[in-house]
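Chemist: Structure provided below as C-alpha cells; questions to follow.
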Amino acid sequence: MSVKQHAEAAQEFIRDEARTDWHDETLWFVRHKRDKAVNTLPEWEILRDWASRIKNHTLSNLDYYLRNFEEKAASNGIIVHWASDTEDHNRIIHKIIADNKIDKIVKSKSMLTEECHLNEYLQNKGIQILDTDLGEYIVQLRKESPSHIVLPAIHLKRQDVSETFHEHLNTEKGNYDPQYLAGSARHHLRERFIESDLAITGVNFAIAESGSFVVCTNEGNADMGVHSAGIHIACMGIEKLIPKTEHLGVFLRLLARSATGQPITTYSSHFNKPRPWQQMHVVIVDNGRSRQLGRADFRNSLKCIRCAACFNTCPVYRRSGGHSYHSTVAGPIGSILNPNLDMEANSDLPFASTLCGSCSNVCPVKIDIHEQLWKWRQVIVANGYVDKGKKAGMQGMAWVLSNPQVYRMAGKIGRWIMRTFPFMLNNRLNVWYKQREMPRAPEKSFRDWFKENK
Amino acid sequence: MNARETILKTVAMNKPELTELPDMDLSLTIQYPDLIQQFIGIMEAAGGKAYYENSRQDLLNDIAEVKAEGKFMINLLEDSNAEEWASLTASELEALDTCYLRAELGVAENGAMWISEKQMSNRLLPFICQHLVIVLDPGDVVNNMHEAYRQIDATAEGFGVFIAGPSKTADIEQNLVIGAHGARSLRVYLL
Ligand code: SF4
C-alpha cells in the first residue's frame, strides 16, 4: 500500500505529547462552543429532522433538481459546467483561465478544489493560485494541506505561524501575537485581492428553484475576491443542492452553530447574477458522488454540509490529527466518503474510529456516521482490503465472540496473563501498548462478579 | 456521452425512492420576548456595536467625526451618487475608510442583517471598507432566519448578503482576531 496507514501516521502525530493534548483540548473547546450554541435553541432536534428530510428528499430527486438549477442559473447569466471527475474539473477551470489570459487568481476555501488537487494541477501548467482563507494561506505557504475542513491550520501553533510569516512576509521574528500575525496577512492579501482577475470559491448551498448559490465565510475573503475580479468560478459537488430558498433558513441556522458555535457566519453571501461586466461560472462536479448515491448503505453521507462537528467531537480525530487520514476530508465523515473514492487506498480509515457514536449525535443532518463506518468495515474485509494482522485478529475475534464458552475461557486466560506476566502485553510488539499503559486486570469477569453480587 | 449526460443518467439510475419534503411548522421555532434586546446582545457578542436610545444624534455625530478626520467615506444613506459608486473598481475603493448604508432587515436569533444589492449599490462596499456602519429600522427585526426569508426576496436582485459583525478569524490557535479581510469594525444604528 503506497499511502501511509492512519495508525502509522497518527503515531508520528502523538509523539509530541504536549502538542497532542493541546490539539485534543482545542477541538474539545470548539465542540463545547457548539453545545452552548445548540442549547440556545429549543427546536434544535426539529431543525435536524427538517434538514435531514430536506436532504433525503433532494437526493431522491437529484437529477430533477440539478436540471432545475442549471436552467435557472443559465437564465440568470451564469455559465454552468459539468465535470465527471477531478480531471474534468481541473481542465474546465484551466480553460477559463487560458481563454481569458488570466494570471492573478485568488481562491477562498473550497474543499472540492482540494479534493481535485486544483492547485497542483495549475502549478504544473505554470499558474499560481493564492489561497486567501487565513488558515489555508498559512498551510499553503508551508506547502502543507489543510488538516481540518473548517479550521485548516488547527494542527499548528502560533510559533509555527510566526516562523512561516517571518520567512515569507518578513514579519518580526519571535512575534507570536495572533492579532499582529493576522493583521500582517490582511495587509499582504489586500493587495492581492485588489489586483486579482479571477476568483474561485466553493459553494455551501445551491438553490434549485432560483439557480442561485450561497457562500459562507467569517473572514470576508470570498467576497473580497469575487467582487474585485472580473471572473468568478464557483465549484460545487452535486450534493450541494437544496430545493428552495426558504430551506436556507434551516441550513444556515444549523451550519455555523455546528461548526464553530457561532449563531451564523459573519457573511452569508447570496449570488444570483453576475454584475454586467463580470463572468460567473459554476462547475458542478460528480467525482464518485453519483456512485455513492447508488450504495444504499452509504448514500446518506451525501447529506453532509461539511460543518466538521463530527471531527471536533471524535476522540480519534482529536488525538491523531487531520493529516493522519491522508485525505482531503479527514475525520469520521471523511472515513465514509474516501473509501468510495478509492477503497483500497482508504481501507484503513473506517477502522480509525471507536464507533462511540458521538459523531452521529452531533451531526446536524443526522447522518448515521458510526453505523456507516461499521458497515464499511464489512465491505472492506469482504473485498480483501484489510491488512493480514488485522484480518487474522478479526477472524479470531469473530470465532471467540460467537462461542460463549471459548469467550469465557479466553477472558480467564487473558486476565491471568495480564496479572501474572504483564510484560507479555506491555511490550513493543503489542500495538495497543504504544503510548498507553495497560490497565490492571480485574480478578474476575463481569459475569462472575454479577453472579456473586446480584 | 458528455459529462452532463453521464452524471444525470447515473444520478437518475442510482437515486433512492422518492421521499417527501418535511412540512415545516414554523410556529415551533424560537420567538423572543424582546426582539431588540436579543438582537443587540447577540450582534455585540459577534463584535459589533449597537446604538439605540439616542441613535439619531449618535449617527449624526458619527458622520461628522469621520468627515472631520478627512477620510474617504461613502454615505449611501443620503447620497444621490449611488450610480457613481456602483462602477468603482477595487483599486478605486481601496482607500475607503467608512461606508454608511441601510439594511433591509435584522435577525434577533443571530444578529445578522440583510443587505440587498440595491442598498449597497456596489457589491464591494460592505467588504472593502475599513469600517462599516449600518442603519436598521428596529421595526424590521424578526425572530429567526425562517421569518427573515419570508420577509426578504433573497433572489430578487443579482446579489445580497447577511452580515453579522465585523470580519473575523480564529485560524491562529483559535484566538479570535477581529478584522480579517472584510471590515474591521461594525456600528449599527437602530433608528
Ligand atoms: S457528517 Fe455531519 S457532522 Fe460531519 S461534517 Fe458532515 S454534516 Fe457535519
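Chemist: In a solvent-free Debye calculation with one equal scatterer on each Cα, what is log10 I(q)/I(0) for region A:229-297 at q = 0.13, 0.16 Å⁻¹, listed in the order of the q values?
Modeler: -0.58, -0.84
Chemist: Which angle between 0 and 90 degrees, to the nearest 10, do you get for helix A:404-420 versus the longest principal axis of chain A when only C-alpha atoms count?
Modeler: Around 80 degrees separate the two axes.
Chemist: Keeping every protein chain in place, order B:Thr6, A:Thr266 by accessible area at 1.4 Å, biggest value first, i.e. largest first.
Modeler: These residues rank, largest area first, as B:Thr6, A:Thr266.
Chemist: Loop only per DSSP, at most 14 neighbouring Cβ atoms within 10 Å: give me the trypsin sites (Lys or Arg not before Pro) in region B:17-116, ordered by residue number.
Modeler: B:Lys71
Chemist: Let me ask something else about it. Taking 8 Å as the Cα distance limit and 6 or more residues as the minimum spacing, I'd like the relative contact order of region B:131-191 as a percentage.
Modeler: For region B:131-191, the relative contact order is 51 percent.
Chemist: Please turn the phi angles of region A:128-139 into ³J(HN,Hα) values with the Karplus equation 6.51 cos²θ - 1.76 cosθ + 1.60 (θ = phi - 60°), one per residue in order, whole Hz, x for glycine and proline.
Modeler: Running phi through 6.51 cos²θ - 1.76 cosθ + 1.60 with θ = phi - 60° gives 9, 10, 9, 7, 10, 5, 3, x, 5, 4, 4, 5 Hz.
Chemist: Principal axis lengths of region A:207-331 from Cα atoms, whole Å, largest first?
Modeler: Computed over the Cα atoms, the extents are 49, 34, 29 Å.
Chemist: Could you give the size of the charge dipole of region A:218-258 about its Cα centre, using +1 on the Cβ of each K and R and -1 on the Cβ of each D and E, expressed in debye and rounded to the nearest 20?
Modeler: That gives a dipole near 160 debye.
Chemist: Using only Cα atoms, find the angle between the long axis of helix A:331-341 and the longest principal axis of chain A, and express it within 0 to 90 degrees, rounded to the nearest 10.
Modeler: 80
Chemist: In debye, nearest 20: dipole of the protein assembly as shown around its Cα centre with unit charges on the Cβ of K, R (+) and D, E (-)?
Modeler: Dipole about the Cα centre, nearest 20: 3060 debye.
Chemist: Work from the charge dipole of chain A (Cβ charges, +1 for Lys and Arg, -1 for Asp and Glu, about the Cα centre) and give the residue of A:Ile194, A:His6, A:Ile207 farthest towards its positive end.
Modeler: Sorting the options by dipole projection puts first A:His6.
Chemist: Remind me, relative contact order of chain B in percent, using alpha carbon pairs under 8 angstrom and six or more residues apart?
Modeler: 26
Chemist: Can I ask one more? Between 0 and 90 degrees, rounded to the nearest ten: what's the tilt of helix A:86-99 against the longest Cα principal axis of chain A?
Modeler: Computed tilt is about 20 degrees.
Chemist: Report the semi-axes of the equivalent ellipsoid for region A:291-361 in whole Å, largest first, where each axis is √(5λ) for an eigenvalue λ of the Cα gyration tensor.
Modeler: Over the Cα atoms of region A:291-361, the semi-axes work out to 18, 15, 11 Å.
Chemist: May I ask for the accessible area buried between chains B and A, both sides summed, probe 1.4 Å, to the nearest 100 Å²?
Modeler: The contact between A and B buries close to 6800 Å².
Chemist: Sticking with this structure for a sec: Ignoring ligands, DNA and RNA, what percent of the accessible area of chain A is carbon or sulfur (1.4 Å)?
Modeler: Of all accessible area on chain A, carbon and sulfur atoms account for 52 percent.
Chemist: A follow-up question, please. Given the C-alpha atoms of region B:2-78, compute the convex hull and give its volume per residue in Å³.
Modeler: Per-residue hull volume (Cα only) is 279 Å³.
Chemist: List every residue whose amide H lies under 5 Å from the amide H of A:Ala234, counting only residues 5 or more places away in sequence or on a different chain, with H placed 1.01 Å from N in the peptide plane.
Modeler: So A:Ala234 has HN proximity to A:Thr201, A:His281, A:Val282, A:Val283.
Chemist: Under 4.7 Å Cβ to Cβ, no partner at all: give me those cysteines from chain A, in residue order.
Modeler: A:Cys116, A:Cys216, A:Cys235, A:Cys304, A:Cys307, A:Cys314, A:Cys356, A:Cys363
Chemist: Ok, one more. Give me a single rounded figure for B:120-128: the average over its residues of other chain Cβ atoms within 10 Å of their Cβ.
Modeler: Per-residue shielding by partner chains comes out at 5.
Chemist: P(r) for region B:109-157: what percent of alpha-carbon pairs falls in each 5 Å bin, starting at zero?
Modeler: 4, 16, 26, 25, 19, 8, 0
Chemist: How high is the relative contact order of region A:261-346, in percent, with contacts defined as C-alpha pairs under 8 Å that are six or more residues apart?
Modeler: Across region A:261-346, relative contact order equals 21 percent.
Chemist: Of all DSSP beta bridges located in region A:57-287, what percent are antiparallel, nearest 5?
Modeler: Taking every DSSP beta bridge with both residues in region A:57-287, the antiparallel ones total about 25 percent.
Chemist: Among the residues of region B:99-118, which ones have their accessible area go down by 40 Å² or more when all the protein chains sit together, as opposed to their chain alone (1.4 Å probe)?
Modeler: B:Glu109, B:Asn110
Chemist: Restricting things to alpha carbons, find the Rg to Rh ratio for region A:116-269 using the Kirkwood radius for Rh.
Modeler: That ratio is 0.98, to two decimals.
Chemist: With charges set only on the Cβ (+1 for Lys and Arg, -1 for Asp and Glu), what does the dipole of chain B come to about its Cα centre, in debye to the nearest 20?
Modeler: Computed about the Cα centre, the dipole is about 380 debye.
Chemist: 7 Å from Cα along Cα→Cβ at both A:Asn100 and B:Glu84: what's the point-to-point distance in nm?
Modeler: 2.9
Chemist: Classify region A:18-175 as rounded, prolate or oblate, taking a ≥ b ≥ c as the square roots of the eigenvalues of its Cα gyration tensor: rounded when a/c is under 1.5, otherwise prolate if a/b is larger than b/c and oblate if not.
Modeler: Oblate, since a/c reaches 1.5 and b/c is not below a/b.
Chemist: What residues in region A:259-274 lose 50 Å² or more of accessible surface when the other protein chains are added to their chain alone (1.4 Å probe)?
Modeler: With the partner chains in place, region A:259-274 has these residues losing at least 50 Å²: A:Pro263, A:Ile264, A:Thr266, A:Tyr267, A:His270, A:Asn272, A:Lys273.
Chemist: Running Debye on region A:38-131 with equal point scatterers at the Cα sites and no solvent, what base-10 log of I(q)/I(0) appears at q = 0.13, 0.16 Å⁻¹?
Modeler: Computed log10 I(q)/I(0) values: -0.69, -0.88.
Chemist: While we're here: When N is the residue count of region B:53-191, what does its C-alpha Rg come to as a fraction of 2.2 N^0.38 Å?
Modeler: For region B:53-191, the normalised Cα radius of gyration comes out at 1.06.
Chemist: I'd like to check one number: the per residue accessible area of the protein assembly as shown, probe 1.4 Å, reported in Å² as a whole number.
Modeler: 43
Chemist: Leaving out ligands, DNA and RNA, and with a 1.4 Å probe, what % of the accessible surface on chain B is carbon or sulfur?
Modeler: 47
Chemist: Considering only the protein assembly as shown, what is the antiparallel percent among its DSSP beta bridges, to the nearest 5?
Modeler: Roughly 35 percent of the beta bridges in the protein assembly as shown run antiparallel, per DSSP.
Chemist: Given springs between every Cα pair under 10 Å in a Gaussian network model of chain B, which of B:Ile36, B:Ile152, B:Ile134 has the largest fluctuation?
Modeler: Of B:Ile36, B:Ile152, B:Ile134, the most mobile in the Gaussian network model is B:Ile152.
Chemist: Along the positive direction of the dipole of the protein assembly as shown (beta-carbon charges: Lys, Arg +1; Asp, Glu -1; about the Cα centre), which of A:Val379, A:Ser228, B:Ser87 reaches farthest?
Modeler: Of the options given, the answer is A:Val379.
Chemist: Further question on the same structure: What are the equivalent ellipsoid semi-axes of the protein assembly as shown, built from the alpha-carbon gyration tensor (square roots of five times its eigenvalues), in whole angstrom, biggest first?
Modeler: Square roots of five times the eigenvalues give 45, 27, 26 Å.
Chemist: Hey, another quick one. Which residues, if any, in region A:202-223 lose at least 50 square angstrom of accessible heavy-atom surface (probe 1.4 Å) when the other protein chains sit next to their chain rather than the chain being alone?
Modeler: Residues losing area: A:Glu219.
Chemist: A follow-up question, please. Antiparallel DSSP bridges in region B:32-190: what percent, to the nearest 5?
Modeler: DSSP beta bridges in region B:32-190 are roughly 30 percent antiparallel.
The values are calculated or read from the model by the stated rules, or taken from the named source; none is laboratory data. Predicted model only: the values in this text are computed from it and were never measured. Don't worry about glycine lacking a Cβ; one is built from the backbone with ideal geometry, like all the others, and counts go over all protein chains shown. Just so you know, the surface numbers come from the protein's heavy atoms only, side chains and all, with ligands and any DNA or RNA stripped out. Shrake-Rupley method; radii C 1.70, N 1.55, O 1.52, S 1.80 Å.
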